[in-house]
Every structure is written in structure tokens, then in C-alpha cells.
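Following: one structure in C-alpha cells, then a few remarks.
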Amino acid sequence: MMQLDQIERVGAGLNRPECVLATRNGRIYTADWRGGVAVTEANGESWLWTPKAQDTDLKANGIALMPDNSVLLAHLGDEEGGIYQITEDRDLIPFCMEVAGKRLPPSNYVHLDAAGRIWVTVSTRQIPRALGYSSDVADGFILLIDKGTARIVAEGLGYTNECVVHPDGERLFVNETFARRLSSFDILPNGDLENRQTVAEFGHGVFPDGLIFDKDGGIWITSIVSNRVIRLTEGGAQNVIIEDYDPEHLNWVEQAFLKGEMGRPRLDKTPSKMLKNISSLAFG
């Protein structure tokens, strides 16, 4: 297990960097609640990529970099969501605001796969979202945007969080935070999802959020509250890479979760030595 003193900080002055992406040129992109994306250069300097003008209080949660150098942002509004696009010229374009004739609820994550398909997760239909912080609520869904058309391809998920297409291009993996499991689907040629399977179930203190694959086929998961990074092997073993939590606080959260009393106070202030509340991860 890594020790906390092995961690180096990169970037500063960020506002709720829920999602992180790393690129080959050394840049790190993070969602930022100042209304766009924070870009941290290889030398550690940061700048903010925001629209020239906007008529919404843009709360970027998940982000995806596009081939045309624009960025997609999943908007986690208080009551409404949607996917917006910020161009290189800083124009803000509504990219996908509704599905089946209904406005998207607060939207969690957006992922661009190698085939050019865009996958979006909506954690819950509950308003406020804290009503979905329960193992008894399973109204999250996954949206596919392909060739300009958006449709729901999976429903009934327990607080849908980050999703990633496997490097083989044939399976989609998704974290269900308050169902405390990692699930997978087979991707059909038309993009439909079928054969839902539970890849891993998590126990005390683990609320899976971020998700990524390493070059050896391992799956890396971040857990909020307990600030754990867990690597899942293809054989199913769960190895804790690092963790940073206060046992008393974690037990308080666990008791609230088991009683169906979870709320923002359990998530907003996480006492820890260094990590505070990790949510996403990326390899550089």
C-alpha cells in the first residue's frame, strides 16, 4: 500500500475538480465549478477554460475531450442537467439537453470511447439528488449519443457514476455508488447494452465513484468518504492502493447509510490527513 507522504500535489486553486483527464502533452484537465474546465500545464501553472458567455450556472461534473479540441461537460444542476460543449473559441453549445422528449436530470458523467460514441450517466432522477443516496433507490440510467441521436440504453442503476468502455471495445463498465457495486454490460453492434453483470461488490466504507483501466487489465476504483483507491484484478481480488479516512467519521457515515439517512453533511466534509474526498483518477 502506498503511503500518504508519497503523494505529490499538482495544480492549485481548483473548484470542485470532480473529474480528471491527463493527456500526452502533460496537461491535466479537471471539471471546475467556476463554469468550465481548469487546465493545469506540465509546469504546474493553471488556467480556466470557460465560455465567453453563458446563460446558465454551469456546474461541470464529468468532462470529455473531443477530437476537434472542444470539451463536453456533464452539467450537474440543482434540478436540471444536460451535456454542453465548449469550443476552442470558448463558445458554449447545448450538445444534448433531453432524451425521449424530456429534459435530462442533473447529469453526472460523459465518456467518449474509441469508436466515437458518447456515453452519459445520470445518477438518479430524485430531486434533490441526496434522496438517491440509498441502496433502496435504483433509478439511475445510461444514455448513448451516437451519430447525433440520444437514447437510454440502461436503466434501474443504483446511483450511476463514472462509466468507461473496456479497451476491447465490447463491454461498458459502470460504478453504482450507493448500490456499492461495479457492473458491466456487453455492447451490441448498434450500441445497445445487454447481459448486465456484477463485476465486484464493495463493503464497509466503499462508495465507488471513479473508474479506469490500467495496461495490464486491472480496474482502478476511487471511493468517496473513505478516500480509497482500489485495484481490481481480473481474478476478482480487491487490493487497496491507498486510503485516507477518519474511522469515527466513516462509521458515522456507514450507520447513516444503513439506516437510509444519508445526506450531504455525510459527504461535504470528510476529515482526513490529505485526500479530503477523492472522486476520479487518470493515468498520465
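The values are calculated or read from the model by the stated rules, or taken from the named source; none is laboratory data. From a predicted model like this one, the values you see are computed outputs, not experimental measurements. Don't worry about glycine lacking a Cβ; one is built from the backbone with ideal geometry, like all the others, and counts go over all protein chains shown. Note: areas computed on protein heavy atoms with side chains; ligands, DNA, RNA excluded. Shrake-Rupley method; radii C 1.70, N 1.55, O 1.52, S 1.80 Å.
Within segment 81-94, the set of residues being within 19 Å of the chain's Cα centre (by Cα) and surrounded by fewer than 20 Cβ atoms within 10 Å (Cβ to Cβ) comprises Q85 only.
Restricting to segment 47-66, what's the tally of residues that are open to solvent by 40 Å² or more (accessible area, probe 1.4 Å) and touching a residue at least 12 places away in the same chain (Cβ under 8 Å)?
6
Looking across segment 95-110, the residues that are of a type outside the set (D, E) and surrounded by fewer than 17 Cβ atoms within 10 Å (Cβ to Cβ) come down to M97, A100, G101, K102, R103. The strands (runs of 3 or more DSSP E) found entirely in segment 7-52 that carry 3 or more residues being within 20 Å of the chain's Cα centre (by Cα) and within 26 Å of I241 (Cβ to Cβ) are 20-22, 28-32. Screening the candidates D78, D113 for the property of being among the charged types (D, E, K, R), open to solvent by 10 Å² or more (accessible area, probe 1.4 Å) and within 27 Å of R27 (Cα to Cα) yields one hit, D113.
Within segment 256-267, if we keep just the residues that are open to solvent by 30 Å² or more (accessible area, probe 1.4 Å) and under 19 Å from E176 (Cα atoms), the residue that is farthest from the chain's Cα centre (by Cα) turns out to be K259. Scanning segment 143-160 for residues that are crowded, with 22+ Cβ neighbours inside 10 Å and part of a loop (DSSP other than H, G, I, E, B) turns up G158, Y159.
Flag set for A31, criterion: in contact with a Pro (Cβ under 9 Å, 6 or more places away or on another chain) and over 23 Å from R151 (Cα atoms). Looking across segment 210-231, the residues that are at pLDDT 95 or above, surrounded by fewer than 19 Cβ atoms within 10 Å (Cβ to Cβ) and out of contact with any Leu (no Cβ under 7 Å at 6 or more places or on another chain) come down to F213, D214, R231. Against the condition touching a Phe, Trp or Tyr at 6+ places or on another chain (Cβ under 7 Å) and within 23 Å of R264 (Cβ to Cβ), how does L73 come out, does it pass? Against the criterion (touching a Phe, Trp or Tyr at 6+ places or on another chain (Cβ under 7 Å) and within 23 Å of R264 (Cβ to Cβ)), L73 qualifies. Just so you know, in segment 161-204 the residues that are in a loop (DSSP other than H, G, I, E, B) and surrounded by 20 or more Cβ atoms within 10 Å (Cβ to Cβ) include one that is farthest from the chain's Cα centre (by Cα), and it is F202.
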